[in-house]
1. Relative contact order for the stretch A:196-308: what is it in percent, counting Cα pairs under 8 Å that are at least 6 residues apart?
2. In whole Hz, with x marking every Gly and Pro, tabulate ³J(HN,Hα) for the stretch A:57-73 from phi via Karplus 6.51 cos²θ - 1.76 cosθ + 1.60, θ = phi - 60°.
3. Across peptide A:70-80, how many C-beta atoms of other chains are within 10 Å of each residue C-beta, on average?
4. Estimate the FRET efficiency between A:Ser211 and A:Glu181 by the formula 1/(1 + (r/R0)^6), using the beta-carbon distance for r and 25 Å for R0, to the nearest 0.05.
5. Taking amide hydrogens as modeled 1.01 Å from N in the peptide plane, which residues meet the under 5 Å criterion relative to A:Ile111, leaving out close sequence neighbours?
6. Note the angle between two axes, namely the Cα long axis of helix A:16-28 and the longest principal axis of the Cα atoms of chain A, as a number of degrees from 0 to 90, rounded to the nearest 10.
7. Alpha carbon centre of the stretch B:83-145 versus the stretch B:154-193: separation in Å?
8. Using unit Cβ charges (K, R positive; D, E negative) and no other charged atoms, how large, in debye to the nearest 20, is the dipole of the protein assembly as shown about its Cα centre?
Amino acid sequence: MSILVIAEHDNASINGATLNTVSAAKAIGGDIAVLVAGEGCGAAAEAAAKIDGVSKVLVADNAAYGHQLAENVALLVAELGKDYGYILAPATTNGKNTLPRAAALLDVAQISEIISVESADTFKRPIYAGNVIATVQSSDAIKVITVRATAFDAAAAEGGSAAVEAVASAHDAGKSSFEKEELAKSDRPDLTAADIVVSGGRGMQNGDNFSMLYSLADKLGAAVGASRAAVDAGFVPNDMQVGQTGKIVAPGLYIAVGISGAIQHLAGMKDSKVIVAINKDEDAPIFQVADYGLVADLFDALPELESAI
Amino acid sequence: MKVLVAVKRVVDYNVKVRPKSDGTDVDLNNVKMAINPFCEIAVEEAVRLKEKGVATEIIAVSIGPKVAQEQIRTALALGADRGILVETEEDVQPLGIAKVLKAVVDKEQPQLVIMGKQAIDGDNNQTGQMLAALTGMAQGTFASEVAVDGDSVAVTREIDGGLQTVKLALPAVVTTDLRLNEPRYASLPNIMKAKKKPLDTLTPDELGIDVTPRVKTLKVEPPAERQAGIKVADVAELVEKLKNEAKVI
């Protein structure tokens with residue numbers, strides 16, 4: 001069976017989640033094609049062609065796909081996808097936005113955020129904020145799937161030499177237009193790709209205190225995240241949220257500071273390799289998943305930690 | 001303009017759900033049920049649009065068992081004008097829900113459909129996008145701001161790197177993210193008034209929709225448990241462990 005992987009990219013390069021999605025495609029098994037839809041996306045297509053295990057790259061370079069508007073990209077994915085047995089996309093906000101629309105156009109179900117491939121038609125996925133893992137089987141002819149990137153290793157970004165093929169189809173549904181984008185600018189690594197993540201919760205007390213986490217993060221080369229409680233309290237923007245309703249991360253080291261460990265937060269970080277919790281409440285649930293727990297006032301511990309490393 | 005809001009009956013977000021011991025399904029016996037939190041945000045947004053004079057009528061629709069009337073009544077108490085329950089005992093999946101909602105949209109012709117980005121039971125995050133596809137409408141998913149302007153709506157969306165604003169032609173589908181608004185509490189007089197608001201009941205059959213599931217759940221199980229580690233005495237011990245035992249810094 002052939003597999004179409006929808007690439008997450010910024011026209012110039014391929015987002016790392018695409019590499020994990022290619023690994024999920026390899027686990028299913030079959031000929032893997034990658035679709036790069038964008039505007040001026042030649043460089044991203046070249047990068048996709050080098051991914052290990054990819055046999056073909058389809059490039060749809062058109063103004064209609066420039067901002068990944070779902071109304072347009074879904075039409076393209078549905079048109080190309082009908083010739084494939086599987087359509088996969090990373091479960092990024094783009095993938096989540098576009099893929100269900102394409103699935104409905106093809107009159108097939110979508111299986112969201114798989115964490116493992118059990119067989120050609122059977123997959124595991126978390127439900128109820130990760131409290132339950134469901135094993136599900138699809139009966140559709142085309143299986144449309146989003147992939148939780150942290151559950152699959154990244155495919156090698158180099159080593160492949162896929163053929164690059166231009167796709168002429170230009171779908172402009174004419175129903176939506178891009179107005180503006182406000183992207184958080186940061187020199188720190190991307191939250192979902194960082195090796196170390198430092199996260200703050202309600203215990204940080206206010207947004208200004210997050211500067212303590214930023215300076216610790218800079219010393220560690222880490223990204224900074226937050227719990228939903230910290231986001232809801234207005235300390236930091238939502239794109240920093242780690243959890244079931246935010247980003248799913250699985251770094252080598254996760255340092256949770258002033259985070260109690262609500263179920264919904266644990267769902268976003270419990271696959272991290274090593275978890276450190278710093279909290280003054282020794283009964284906080286976060287300690288039940290932490291490899292190293294430090295019961296301490298974070299306002300004492302953070303400066304000490306920063307100077308000790 | 002007419003606004004349609006979809007609401008789902010789900011397990012209350014405070015309940016920690018567990019699989020049944022035979023692994024066939026989750027154990028929902030005697031657990032508290034509630035309106036899905038993202039759907040509640042959708043209702044609130046519709047009510048605010050009505051308060052601003054943008055929306056003229058709010059219809060709350062739910063697809064589910066007879067008791068899902070409770071969640072429609074909640075929406076009515078928050079300010080929706082009338083309800084529609086599409087009653088079924090079947091566990092309807094997102095594509096089926098989207099098809100039922102399309103039939104309701106065809107009948108009611110709303111200018112705006114507002115729904116939650118995902119339900120906290122299945123965590124699918126699909127139905128709004130699927131409804132938009134089936135009706136040919138534009139979609140503004142994961143909305144943190146909604147501004148209707150004449151025959152279009154500007155939707156600010158929560159995306160991975162920050163925020164994106166798109167302009168959509170009406171009619172359109174909007175799905176809500178957490179920060180769109182903070183839902184109000186229903187007052188007692190409004191809860192009483194909601195009991196008298198009209199609530200129609202239909203079935204998927206009457207709408208001519210086949211809601212047969214496409215995806216079968218073979219089993220459910222708890223996630224792999226993570227073992228609690230050790231407590232360290234102080235920062236010095238923590239740093240020592242991270243350097244020499246875990247070797248992560």
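1. Values: 243 pairs, mean separation 28.1, N = 113.
Taking the mean separation of contacting Cα pairs over the length of the stretch A:196-308, I get 25 percent.
2. Going residue by residue, I get 10, 9, 10, 10, 9, 7, 4, 5, 9, x, 10, 6, 4, 4, 4, 8, 5 Hz, with x marking Gly and Pro.
3. Numbers: counts 8, 10, 0, 0, 4, 1, 0, 0, 1, 0, 0.
Counting other chains' Cβ atoms within 10 Å and averaging over A:70-80 gives 2.
4. 0.45
5. A:Val144, A:Ile145, A:Thr146
6. Value to nearest ten degrees: 60.
7. 14
8. Working: 54 positive and 74 negative charges, 241 e Å.
The calculated dipole for the protein assembly as shown is roughly 1160 debye.
The values are calculated or read from the model by the stated rules, or taken from the named source; none is laboratory data. Computed from a predicted model, the values in this text were never measured in an experiment. For neighbour counting, all protein chains shown are included, and Cβ atoms are generated from backbone atoms with ideal geometry for every residue, glycine included. Remember, those area values only see protein heavy atoms, side chains included, never the ligands or the DNA or RNA. Shrake-Rupley method; radii C 1.70, N 1.55, O 1.52, S 1.80 Å.
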